[in-house]
Amino acid sequence: MKKMILLPAIALVVCGTAYAAGMVSGTIKSVDASNSKLEVVVSNTETKWVPYTPSTEWPVGVTDPAALKDKAVDITTNGANEAALVELVESNE
């Protein structure tokens with residue numbers, strides 16, 4: 001009986017965690033360091049504010065988020081819609 005309850009609970013936790021993570025792709029327009037937020041241009045008409053935390057993983061060599069201004073990035077977010085991982089997108093130029 002315990003297995004019948006435990007298995008669906010484990011599946012819910014695994015699926016819920018995967019569903020909660022998201023992705024924001026675009027170009028960093030600005031960095032609001034006082035509020036720990038990145039403004040990302042995701043289309044010609046839309047920008048999104050993505051909060052970051054001390055546990056956000058930055059690209060190698062980046063110690064100041066402001067260094068990413070005008071850079072193309074992919075941001076993986078956690079369940080709280082905070083930046084968990086920021087990766088630079090290579091240009092095809």
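For the range 62-76, enumerate the residues that are in contact (Cβ under 8 Å) with a residue 40 or more places away in the chain and closer than 14 Å to SER36 by Cβ. Answer for the range 62-76, where residues must be in contact (Cβ under 8 Å) with a residue 40 or more places away in the chain and closer than 14 Å to SER36 by Cβ: LEU68, ILE75. Selection over the range 16-55 of residues that are touching a helix residue (DSSP H, G or I) at 6+ places or on another chain (Cβ under 8 Å) and either closer than 18 Å to ALA84 by Cβ or aromatic (Phe, Trp, Tyr) (or both) gives a count of 4.
Among the residues of the range 44-79, those identified as in a loop (DSSP other than H, G, I, E, B) and surrounded by 12 or more Cβ atoms within 10 Å (Cβ to Cβ) are TRP58, PRO59, VAL62, LYS69, LYS71, ASN78, GLY79. Taking the criterion of being among the acidic types (Asp, Glu) and either over 19 Å from GLY22 (Cβ atoms) or touching a residue at least 12 places away in the same chain (Cβ under 8 Å) (or both), the residues of the range 32-59 that qualify are ASP32, GLU57.
Set side by side, the residues VAL31, VAL40 differ, and just one is modelled with pLDDT of 95 or more, in contact with a Ser or Thr (Cβ under 7 Å, 6 or more places away or on another chain) and β-branched (Val, Ile, Thr), which is VAL40.
The values are calculated or read from the model by the stated rules, or taken from the named source; none is laboratory data. Since we're looking at a predicted model, the values are computed, not measured. With ideal geometry, Cβ positions are generated from the backbone for all residues, glycine too; neighbour counts draw on all protein chains shown.
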